Amino acid sequence: MPAPELRLVLAVSLDGRLAPATGGAAQLGGRGDRRVLEEALAWADGCLIGARTIRLHGSTCLIRDPDLLEQRSTQRRSDQPHALVVSRSGSFDPCLRFFQQPLQRWLLSPSAGSDLPPGFQQRRWLQDWPDLLRGLAEEGMQRLVLLGGAELAGQLLVQNLVDELQLTVVPQLLGGSHSWLPASLAFDPNTWRLEEQRGLGGDELLLRYRRLRA
């Protein structure tokens, strides 16, 4: 079984930053960015999210636009893609709004422990990314979106597991060190082909690239 299609979805500043220099939750992207984010979620079977991102924001993104919900209903799919949370500890505040959101929550953890934290429906042992991704594909998750954070995105980029980049470029300069590229990604031997470019209003620009393997 081949690995799922994996699309990294981010809003970045003109200087390639995810958050202000002081850190904290990013507030990048306007209505147009929200729409293309929901389009990516509607395309996906599952959504990969790092534990720190969940703790920082308290929730994940949901599909809200009626036409996209209708599209998934017509395809006999759940309203929302599964939330696949990557966490070393599996420890979360049960009061986070994430645990009240109407979706399936799976925990991907390097621990093989049998205890399932409250709020999660399943647990998968994350020992090796390629094997885990193939296992998810076997369970019907053929298309995945990756929403962050930067550490998780970096792991998958370094291992050449990201197939598409969907970037919303917003008209801000943030500075600082919070780039979406890890320092370990010193050189990427792959090239990327532009598949789509779209103005989103508010001087924001969608760029979607597909990887051409070296």
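The values are calculated or read from the model by the stated rules, or taken from the named source; none is laboratory data. Keep in mind it's a predicted model, so treat the numbers as computed, not measured. Neighbour counts run over all protein chains shown; Cβ positions are idealised from the backbone, glycine included.
You will find that of R7, R31, the residue that is modelled with pLDDT under 95, under 20 Å from L205 (Cβ atoms) and basic (K, R) is R31 and no other. Figure legend. Inter-residue proximity from the stretch 186-206: first residues in a strand (DSSP E or B), second residues hydroxyl-bearing (S, T, Y), beta-carbon distance below 7 Å, spacing 6+ or different chains. Indicated pairs: W192/Y209; R193/Y209; L194/Y209; E195/Y209; L200/T168; E204/T168; L206/T168.
Could you say which residue among W106, W125, W180 is aromatic (F, W, Y) and either at pLDDT 95 or above or exposed (fewer than 11 other Cβ atoms within 10 Å of the Cβ) (or both)? Give the steps one after another, and end with the answer.
On the way: W125 fails: either at pLDDT 95 or above or exposed (fewer than 11 other Cβ atoms within 10 Å of the Cβ) (or both); W180 fails: either at pLDDT 95 or above or exposed (fewer than 11 other Cβ atoms within 10 Å of the Cβ) (or both).
Checking each option against the conditions leaves just W106.
Regarding the stretch 159-176, can at least one residue be identified that is of a type outside the set (K, R), free of Cβ contacts under 8 Å to residues at least 40 places away in the same chain, out of contact with any strand residue (DSSP E or B) (no Cβ under 7 Å at 6 or more places or on another chain) and closer than 21 Å to I49 by Cβ? There is at least one residue in the stretch 159-176 that is of a type outside the set (K, R), free of Cβ contacts under 8 Å to residues at least 40 places away in the same chain, out of contact with any strand residue (DSSP E or B) (no Cβ under 7 Å at 6 or more places or on another chain) and closer than 21 Å to I49 by Cβ. Quick check on the stretch 75-90: of everything there that is in contact with a Pro (Cβ under 7 Å, 6 or more places away or on another chain) and modelled with pLDDT under 95, which residue is surrounded by the most Cβ atoms within 10 Å (Cβ to Cβ)? Top of the filtered list is G90. Can we say L200 is out of contact with any His (no Cβ under 6 Å at 6 or more places or on another chain) and either of a type in the set (K, R) or under 22 Å from A19 (Cα atoms) (or both)? In short, yes. Within the stretch 34-69, restricting attention to residues that are of a type in the set (D, E) and surrounded by 15 or more Cβ atoms within 10 Å (Cβ to Cβ), the residue that is farthest from F120 (Cα to Cα) is E39.
If you filter the stretch 140-152 down to residues that are surrounded by fewer than 19 Cβ atoms within 10 Å (Cβ to Cβ) and modelled with pLDDT of 90 or more, you find that the one that is nearest to E204 (Cα to Cα) is R143. Every listed requirement among (1) out of contact with any strand residue (DSSP E or B) (no Cβ under 9 Å at 6 or more places or on another chain); (2) surrounded by 20 or more Cβ atoms within 10 Å (Cβ to Cβ) is met by R72 save one, (2).
Annotation: of all residues in the stretch 183-202 being modelled with pLDDT under 95 and out of contact with any helix residue (DSSP H, G or I) (no Cβ under 7 Å at 6 or more places or on another chain), the one that is surrounded by the fewest Cβ atoms within 10 Å (Cβ to Cβ) is F187.
Would you mind stating whether Q155 is in a helix (DSSP H, G or I), surrounded by 12 or more Cβ atoms within 10 Å (Cβ to Cβ) and polar (S, T, N, Q)? When the stated conditions are applied, Q155 passes them. How many of the residues in the stretch 1-17 are in a loop (DSSP other than H, G, I, E, B) and buried (at least 20 other Cβ atoms within 10 Å of the Cβ)? Looking only at that region, the number is 1.
Please tell me if R31 is exposed (fewer than 14 other Cβ atoms within 10 Å of the Cβ) and either farther than 21 Å from F98 by Cα or of a type in the set (D, E) (or both). Lay out the reasoning, then the answer.
Values: exposed (fewer than 14 other Cβ atoms within 10 Å of the Cβ): yes; either farther than 21 Å from F98 by Cα or of a type in the set (D, E) (or both): yes.
The answer is yes for R31.
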